[in-house]
Every structure is written in structure tokens, then in C-alpha cells.
1. Report the accessible area of Phe93, computed with a 1.4 Å probe over the heavy atoms of all protein chains in place, in Å² rounded to the nearest 10.
2. Take Glu188, project a point 7 Å from its Cα along the Cβ direction, then tell me which residues of region 89-129 have their backbone nitrogen under 19 Å from it.
3. Just to verify a number: what accessible area does Ile177 come out at with the full protein assembly present, 1.4 Å probe, Å² rounded to tens?
4. Calculate the spin-label point distance for Leu170 paired with Leu276, positioning each point 7 Å from the Cα along the beta-carbon direction, and give it in nanometres.
5. Around Ile345, which amide H atoms from residues at least 5 apart in sequence, or from another chain, sit under 5 Å from its own amide H, with H modelled in the peptide plane?
6. In what order, largest first, do Lys463, Lys486 sit by accessible area if the probe radius is 1.4 Å?
7. Take Ile147 and Glu473, extend 7 Å from each Cα along the Cα→Cβ direction, and tell me the distance between the two endpoints in nm.
8. Would you rank Leu298, Leu276 by solvent-accessible area, highest first, keeping every protein chain in place and using a 1.4 Å probe?
Amino acid sequence: MNRGLYKEEPQLVYYRLIALWVLCEAMIGGIIHGLRIPVSGLIVGSCAVICISLIAFYNHVKGAILKATLIVAIFKMMLSPQAPPPAYIAVFFQGFMGEILFWKRRLYPVACILLGILALLESGLQRILVLTIVYGNDLWRSVNDFISKLVKQKQGTNYSLIIGGVYVLLHLVAGVIAGWWASVLPKEIEQWSGEEGNRVLEVAASIDTPARGKRKRSIKTGLLITWIILVLLYAQSYFNLGTPLLPASTSLKILLRSLIIVFTWYFIVGPLLRQLLHAWLQKKQIHSQAEIQSVLMLLPSTEALIRSSWKQSRVKRGIKRLGEWGKLVIVNALGAEQVSPGDSIYILTGPIQTGKTSSLQQWAENREDVYGILTPVINGKRVFLNVRTGEQWPMEASGTDKEFIIVGKYNFSKIGFDKAAEIIRASIQAPGWLVIDEIGPLELKGEGFNAILKKVISNRKGKTLLVVRDKAEMPVKVKRAFGIEKSMQVNSVKLLAE
């Protein structure tokens with residue numbers, strides 16, 4: 001397996017793939033809804049298979065898939081708190097089977113196809129099982145009688161079995177296709193990365209997941225339509241309107257059974273199971289804060305990438321558009337195309353206490369495409385500030401800190417720097433601007449933001465803004481130390497390229 005296609009940190013690729021999986025659960029159903037395709041479950045399930053397979057390909061750590069599954073379930077709880085327990089069952093089943101099939105990371109193509117078959121079959125069988133539980137076997141007998149009368153066939157034929165078989169077969173075929181595509185995808189990505197036209201040209205980050213509402217409405221609409229049909233069949237039989245398609249007793253029995261089961265599920269069983277599941281996930285969430293934060297930082301840019309890729313793929317139609325869209329998403333999400341260091345790096349310079357950080361704060365407040373770390377002085381103490389969320393935490397060490405970074409007479413918090421570096425790491429491929437405030441003597445000594453800045457320079461394709469004090473030729477020293485001589489140096493935020 002060639003995992004060397006991407007020079008960037010494997011952990012970052014891992015988090016990106018988790019973010020893609022999260023958004024598959026949260027918003028892709030809405031995109032498929034735009035195509036008027038009534039099998040969004042097939043697409044969402046196939047996307048999960050692809051994400052799990054790529055996680056297995058790029059991350060050989062045992063347990064990585066289960067860990068990713070747990071994170072996806074936690075985000076599902078956060079983004080779709082009303083999602084029913086069967087939705088979580090599908091996610092955990094996919095992740096558990098992925099962990100088993102890719103345990104030794106051998107026979108990768110076979111494992112991908114088996115995962116696709118099992119994951120999609122579970123989805124299809126789960127739906128049939130739910131219908132049987134809600135409406136009972138009377139539903140299938142009624143389907144047989146209804147179709148027999150429509151086609152005026154006296155000899156009974158098990159049409160419901162044929163319909164169910166075709167439905168399951170559709171999922172089986174989709175699983176084989178999804179698994180096969182996942183198995184060849186790594187080689188395809190390597191080829192696509194060298195082709196022109198596979199870069200998303202316009203990315204505008206935003207948080208909006210209308211797919212959740214549409215999916216809930218579609219579920220409720222499906223139940224409502226089924227009940228209306230049953231009521232009409234009951235009325236037709238009861239009032240003798242033409243030749244009865246179904247006996248009144250059968251229609252009424254199915255209707256009452258479904259009402260009782262659905263109401264019991266929605267008001268008693270479902271909420272109870274959901275509450276227990278959420279309580280368990282919340283406990284797990286406490287132990288996965290670092291991973292959740294990393295994925296959370298990637299969600300806006302990943303969602304923006306999905307939307308922009310969908311827009312850019314409009315030159316294709318139907319199934320070809322889905323293929324083009326998937327190619328654009330994966331190639332750009334994994335960062336296949338590298339840029340030369342310094343091509344999009346800006347250095348904001350100025351003497352100490354001349355308002356560099358303050359001007360950047362004002363500049364960032366009016367934009368939606370600025371990520372990274374600022375270090376303003378608040379109440380006489382310098383703090384770290386997450387540009388995207390506004391979260392603040394101490395930069396200077398306190399009496400409880402066990403590890404310090406000493407610069408002259410100042411003691412800085414090692415934990416504070418590590419948290420800031422993690423936010424920068426998660427924003428490396430964010431659209432727009434990535435700000436790092438500031439780079440100076442600490443980084444030249446190999447501490448502070450030294451390690452993360454090297455990763456930013458090696459991997460980032462968007463614009464990067466470094467804040468450097470204009471003292472003792474510091475901008476020149478920083479450029480030489482990090483190999484960014486081509487960077488553009490400015491002394492005012494107003495001079496930054498838009």
C-alpha cells in the first residue's frame with residue numbers, strides 16, 4: 001500500500017476522513033434529495049464504506065476504525081440529537097465490521113468488497129425488518145392480494161417476496177460496487193492528483209445542515225402516506241366503493257397495529273433508548289475531547305468542500321455527476337496537490353505594541369474565512385485566542401503548570417502552546433486564511449510553534465499569515481530558518497491580498 005502519496009501528517013488525513021464520514025451522516029442525504037433519488041440510504045451507506053476503507057488504507061493502527069466510529073456517533077448525537085437508535089446501529093455495525101475485516105490490513109480489495117456487501121445488506125434488511133415490526137405480516141399478505149387484484153391474477157403469487165428480494169438485491173449490488181470502488185480508490189486518487197481540473201476552485205465555509213430536517217420530514221411523510229393509503233383502502237372496503245382491494249378488517253388491523261407500535265416507539269421505547277445511548281456517548285466524549293476538537297475544526301472546511309465540489313460537478317448529469325463529485329471531494333480532502341513553500345505565505349511585521357494583533361482581530365471579525373491563533377493582551381496578560389470560535393486560554397504559565405517554556409524572564413504554558421498548535425494543525429487545509437501569531441525567537445530555538453509551522457509550510461495550499469516582530473532582523477531570520485524567502489512581507493493588514 002502506498003501511503004506516501006501525501007506528505008502531510010497521517011493523523012491529519014485520519015481526521016479529515018472522519019470529518020467526511022460525519023458529514024456523510026449529516027448532510028449528503030440532502031444533496032441526494034436534490035437529485036430526486038429515493039435511495040439516499042444506499043448513497044450514505046456507500047460513502048461510509050468508502051470512508052472506512054480509506055481510513056484502513058491510510059491508518060494501520062489497530063482500533064483506528066473503532067475510534068473513528070465512536071467519534072462519528074458522538075457527532076451524530078451532537079448534530080442530530082433526534083436520530084433514532086437504528087441509525088446508530090447502522091453506524092456501529094459498519095465500524096465494527098470494518099475493524100474486523102481490516103484487522104490485519106491484508107487482502108485490502110476483498111475486505112473492501114465484503115464491507116460494502118455487509119454494510120449495505122444490513123441497511124436494506126433493517127428497513128424490511130422495521131416494516132415487518134410496524135405493520136406485521138398482514139402488510140405483506142395485503143401487498144400480495146392488492147397486486148393480484150390489480151393484475152387480475154387468480155393464482156396467488158408472493159409479490160411481497162419478489163419486491164423484498166429485489167430491494168435486498170439492489171443493496172447487494174450497491175454494496176459490491178461501493179466495495180469495489182473503495183478497493184481501487186487509492187490508486188485512482190494517485191492518478192487523479194496529477195490531472196488538471198481536479199481542484200475545487202471556489203470554497204466558502206459555512207455551517208448548514210438542512211439535510212437533517214429533510215430526512216426527518218421524509219420519514220414522517222412516508223409514514224403519513226402509508227397510513228393515508230390504509231385509511232382509503234379501509235374506507236373503500238367498508239363503504240363498498242367499487243370492488244374492495246383489501247378487506248376492511250385487514251386494513252384496519254394493519255393501521256391500528258402500526259399506530260400502536262409507532263406511538264409506543266416514538267413516545268416510550270425510542271426516547272428511553274436514545275437517552276441511554278446519549279448518556280453513554282457523552283461519557284465517551286469526555287475521553288475523546290482532543291480528537292473531537294480536531295474533527296470539529298475540520299468540519300466547516302470539509303462541508304464547504306462538499307458543497308463546492310457538488311457545484312463544480314454540475315457539468316455532468318445523473319450518475320456521472322455523482323462520480324465527478326466524489327472524485328473532487330476525495331482528491332481535495334486528502335490534499336493531493338502540493339504547493340511550493342512560500343507561494344501563499346504573508347508576513348505581517350511591525351514593532352512591539354504597535355497594534356498588530358488588535359488590527360488582525362478587527363480584520364477577522366468581518367470575515368468568515370479566517371482560522372488560526374491570535375495572542376492579544378487581556379487584563380494585562382497575554383492569552384491565546386482561537387480566531388474561529390473566540391475561545392481563550394492562558395499563554396503564560398500558572399502555578400499549577402508542570403511544564404514550562406522559558407524565554408528570558410517569561411514562563412509560558414506548555415499545555416497552552418500544545419492546544420494552540422492542535423488548532424493550527426486542524427486548520428491546515430481550511431479555506432481562506434490561516435493566522436499564526438506570533439513567530440519569533442522561541443520558534444527559532446525549535447520551540448513554541450516551530451514544529452507545527454513546518455507542517456503548515458509543507459502542506460498548506462491556502463493563504464497563511466505569520467505575525468513577526470520587526471526587531472533584530474527577525475523577519476529575515478524567520479524566512480531563512482523556515483525556507484520561505486518567497487513570502488510577501490507587509491506592515492499593515494490593509495495590504496493583505498484578498
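The values are calculated or read from the model by the stated rules, or taken from the named source; none is laboratory data. Keep in mind that this is a model prediction, so the values were computed, not measured. Cβ atoms come from the backbone with ideal geometry, glycine included; neighbour counts cover every protein chain shown. Side chains are part of the model used for accessible areas, which takes the heavy atoms of the whole protein and leaves out ligands, DNA and RNA. Shrake-Rupley method; radii C 1.70, N 1.55, O 1.52, S 1.80 Å.
1. Only protein atoms counted, so the area is about 60 Å².
2. Inside the label zone: 108-120.
3. Roll a 1.4 Å probe over it and Ile177 shows about 100 Å².
4. In this crude label model, Leu276 to Leu170 measures out at 3.3 nm.
5. So Ile345 has HN proximity to Thr464, Met488.
6. Values: Lys463 50, Lys486 150 Å².
Largest accessible area first, the residues go Lys486, Lys463.
7. For the pair Ile147/Glu473, the computed spacing is 8.4 nm.
8. Values: Leu298 5, Leu276 110 Å².
Ranked from most to least accessible, the order is Leu276, Leu298.
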